[in-house]
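In what follows, a structure is listed as structure tokens, so that the remarks can point back to it.
What follows is calculated from the coordinates using simple rules that are stated; it is not laboratory data. As the structure is a prediction and not an experimental result, all values here were calculated from the model. Neighbour counts run over all protein chains shown; Cβ positions are idealised from the backbone, glycine included.
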Amino acid sequence: MYDALPGVMHHLKGLYREVLECNDFMHSLVKEEVESHKERWEEGDAPRDFIDFYLDQIAKTKNDLTSTFNEDNLVQTAADLLLGGMDTVATTLCWGFCYLLNHPDVQENSYKEINAVLGPSRTITYNDRIKLPYTNAVLHEILRFSNTTGVGPLRTCSQDISVLGFPIPKGTLVLPNNHSVLYDPDFWETPRKFNPRHFLDSEDNFVSNEAFIPFSTGRRTCVGESLAQMELFIVFTSLVRGFRFQLPEGVEEVSLDYVLGGTRHPLPFEIHAIPR
């Protein structure tokens, strides 16, 4: 609708107007970054990041009238990646600290593992997750239990298929229900409870689970999964090592009710971060 009626949309008031202003602000930031890249990047240079690669592709296809590589699409794609990554990662971390506040034993066990393996000051890297099976399991359980996105993006069937005996014709729009898998009792011992042991074996080694699909699955899985996993691990581990998180005095637990929008956000809550 925004693309079809941009003039009308910009005259709307209230929340719609705020959304459009945020959208314009984000696009302006990306456009500035693209211009900065263009100033320092010349055709033939080795690309250093996503924008460089896209600019390189624009240059290679400039004589192709059917090409969709252009600066407008570059700006929109970069904005989509930023928005898709920032909100989901930040929201997942918020849920994570809700769970740590309600389960102080999990927080303490994770801290002890991090401190024992990495010490109080060594730089944390994503490769350290292999040495921290319990903390890695906690993060995976946060992703599973929070299920921030709820459902996957819309897909279209490329051919006639049958699922559990139900025919789905080619061209049908399908909305994947990640929630039904992440809470499936056939795959999770306590699907409705926060339980890091879902990802640990009897000897406390980290184990994966085929029903762990917070980033969806298949060829159309989230393109930012690797980046999100790295961000979550490094930020979460650094914060748990550096601070003890506690509820305010007189508060017994954090509510796990949520606000549903583009993602599932926890209700506002107070948290005390005490340096270790």
* **Label point distance in nm, V259-H179, each placed 7 Å from Cα along Cα→Cβ** => 1.8
* Asked: How high is the relative contact order of the chain, given as a whole-number percent (alpha carbon pairs under 8 Å, six or more residues apart)?
  -> 18
* Out of region 202-261, which trypsin sites (Lys or Arg not before Pro) are coil in DSSP terms and have no more than 11 other C-beta atoms within 10 Å? -> R219, R220
* Max mean-square fluctuation residue, GNM over the chain, Cα-Cα springs under 10 Å, options N136, N70, N109 -> N70
* Amide H of V174: which non-local residues (sequence gap of 5 or more, or other chain) have their own amide H closer than 5 Å, using H built in the peptide plane? -> R155, T156, C157
* Structure fact -> Highest GNM mean-square fluctuation among S180, S162, S146, for the chain with Cα springs under 10 Å, belongs to S162
* Go through region 41-150 and name the trypsin sites (Lys or Arg not before Pro) that are in a DSSP coil and have 14 or fewer other Cβ atoms within 10 Å of their Cβ. => R48, K62, R122
* **Size of charge dipole - the chain - debye, nearest 20, with Cβ of Lys, Arg +1 and Asp, Glu -1, no other charges** => 360
